[in-house]
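In what follows, a structure is listed as structure tokens, so that the remarks can point back to it.
The values are calculated or read from the model by the stated rules, or taken from the named source; none is laboratory data. Everything numeric here is computed off the predicted structure, so don't read it as measured data. Reconstructed Cβ throughout: ideal geometry from the backbone, glycine too, with neighbour counts over all protein chains shown.
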Amino acid sequence: MKRYVLLLILLAPALQSCINYRNIDIESVSLSGFKLVNTSRADITFDYTAENATSAPLVIASADGIIKKKGINFAQMTLLKADTIPPKSVKNGTLAVRFDLLDPVSILSMGLNIASWRAQDFNIDARILIRSGEKRKKVFRVKEIPLENLIKKF
């Protein structure tokens, strides 16, 4: 019996520290800024509203991915600055993302009129690292998600 009590005492902090990532709710995402750095690089900022119902602060530590156009790598995206969502709160935050064109000639072949581009032609593969505390982390991977579906979701 003493072994079970000792085991429960040792496991209690570990069980308490588990985070249910389903309790995190992204309520809205909107494009707030666009800055063309050069002909093949752009910095885009997104405003978001997220609710963290967990008991630990969540840090969006890194995010990177590839945007593909009809199966061919088109652009690479990278999160520029980490952001923290405090525990048991709703936060209105900003994320800065850098997009680098992998082949600038592809823009010319698609036409310079961005309004004529079709979102259904683009897919995204991404890896997002969320940290909760110093040692705990969770990696989310998305593969071949149509950009059109991602836009509608947000």
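Remarks
- In region 70-89, the qualifying residues are those that are under 30 Å from Val105 (Cβ atoms) and within 18 Å of the chain's Cα centre (by Cα), and the one that is surrounded by the most Cβ atoms within 10 Å (Cβ to Cβ) is Ala75.
- Thr49, sole failed condition from (1) polar (S, T, N, Q); (2) over 14 Å from the mean Cα position of the chain (by Cα); (3) at pLDDT 85 or above: (2)
- Counting the residues of region 27-51 that are farther than 19 Å from Asp100 by Cα and either out of contact with any Ser or Thr (no Cβ under 8 Å at 6 or more places or on another chain) or in contact (Cβ under 8 Å) with a residue 60 or more places away in the chain (or both) gives 5.
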